[in-house]
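A quick write-up on the structure given underneath.
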Amino acid sequence: MSADRAAVEPRLLRSFLAVAEELHFTRAAARLYVAQQALSRDIRRLERELGAELFVRTTRQVILTPDGARLLPYARRVLEAQSALLAAFGRDGEPERPLLVDVNSPGLFGIRVLDRARELVPDAELMARYESGLTGAAAEILAGRLDASFGRSAGLDPAVRARLDQQPVRYERMAIILPEGHRLAALPAVPLSALAGETVYAGAGNPRTPEWTDLARRLFEGRGIEVAPPAPLAVGADEFQRIMAKKGNPILAVVEFPPMPHTVLRPLVDPVPLSPVSLVWRRGLTHPGIDALRRAAVELGKEGGWLSPPEGGWLPAGDALVMGGS
């Protein structure tokens, strides 16, 4: 290896990490907001400085070499340490670039937080994404393809949660979506006991939303309510509505879920089940947009009482610890 390896720039490691995780130079360049030629130059320079070939490139694929695989955990640790150091001294650890924010689905409260954050930092660019599930979004955050998301962080794998920072934002009241002709559709609110014997769709089998299915199972346990088996994974609101109409199961949702044709949405009561939502982002990430999102969530939370659970509200014990301990 070259003697210059001690002077490796973090930018070169960031370029390496993007290519190593994408295994595609064009996607890695788009992720870093740089030209592909510049990214290729950075990789060649890093290979010269380390005296090692890091990738095998063909016309069809990019593969990590054994040296590249050996470098990968070191690169991650160095960049995480650099971000933590810069954050400790109040400096931005990321180049100025758009902040990519997953708001889950159109029409939910996350877009209101994003809109308020945009007002707070009008010179920054905050762009909405729609991942529909915190488990899926967290994987995108850790891969560098997304910066922040909203969801039930207690439902994440502990190893994933350890690499994220979070801020409790809201207790969302849960609801049930019923076909118009369902026996419970005429009720203004549906007691949980009235769902006994029903099979309710709660995203089972969707790899992006296991935290939601887990919350449903905890809620339904001992109440005679079954989680519906996996349905075909639908992409987009129209496909989701088509599949749900075909299956005919009630759907577990939140009270602000966007309307669906030929259905009614009713809040659940006795008790009032709550979906705990946090803002999450990659640990050590510094960006004016993150600060704005956190401030926006606090402001809107105070205005709307988002972190004041209703009397008699239901929440798993582990979620209460996560929401109350941050």
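The values are calculated or read from the model by the stated rules, or taken from the named source; none is laboratory data. Please read these numbers as outputs of a predicted model, since none were measured by experiment. Note that we place each Cβ from the backbone using ideal geometry, even for glycine, and neighbour counts take in every protein chain shown.
Starting from residues that are touching a Ser or Thr at 6+ places or on another chain (Cβ under 9 Å) and buried (at least 16 other Cβ atoms within 10 Å of the Cβ), keep the ones in the range 46-63 and report whichever is farthest from Arg14 (Cα to Cα). Filtering the range 46-63 for residues that are touching a Ser or Thr at 6+ places or on another chain (Cβ under 9 Å) and buried (at least 16 other Cβ atoms within 10 Å of the Cβ), the one farthest from Arg14 (Cα to Cα) comes out as Ala52.
A single member of Pro258, Pro207, Pro276, Pro288 is touching a residue at least 60 places away in the same chain (Cβ under 8 Å) and within 20 Å of Gly181 (Cα to Cα), and it is Pro258.
For every residue, the table says whether it meets (1) in a loop (DSSP other than H, G, I, E, B); (2) at pLDDT below 85; (3) not assigned by TED's automatic domain parsing to the domain that holds Arg70.
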residue: Ser15; (1), (2), (3): no, no, no
residue: Val19; (1), (2), (3): no, no, no
residue: Arg31; (1), (2), (3): no, yes, no
residue: Arg41; (1), (2), (3): no, no, no
residue: Arg45; (1), (2), (3): no, no, no
residue: Ala52; (1), (2), (3): yes, no, no
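Would it be correct to say that Asp165 is more than 26 Å from Leu23 (Cα to Cα), among the acidic types (Asp, Glu) and in contact (Cβ under 8 Å) with a residue 12 or more places away in the chain? Against the criterion (more than 26 Å from Leu23 (Cα to Cα), among the acidic types (Asp, Glu) and in contact (Cβ under 8 Å) with a residue 12 or more places away in the chain), Asp165 qualifies.
Applying the criterion of being out of contact with any strand residue (DSSP E or B) (no Cβ under 6 Å at 6 or more places or on another chain) and of a type in the set (Lys, Arg) to the residues of the range 99-127, the residue that is nearest to Glu140 (Cα to Cα) is Arg112. Highlighted here are the helices (runs of 4 or more DSSP H) found entirely within the range 102-184 that include at least 1 residues which are assigned by TED's automatic domain parsing to the domain that holds Leu300, among the basic types (Lys, Arg) and farther than 15 Å from Arg283 by Cα: 110-120. Restricting the search to helices (runs of 4 or more DSSP H) fully inside the range 216-326 and requiring at least 1 residues that are in contact with a strand residue (DSSP E or B) (Cβ under 9 Å, 6 or more places away or on another chain), not assigned by TED's automatic domain parsing to the domain that holds Arg183 and not small (Gly, Ala, Ser) gives 288-304, 317-324.
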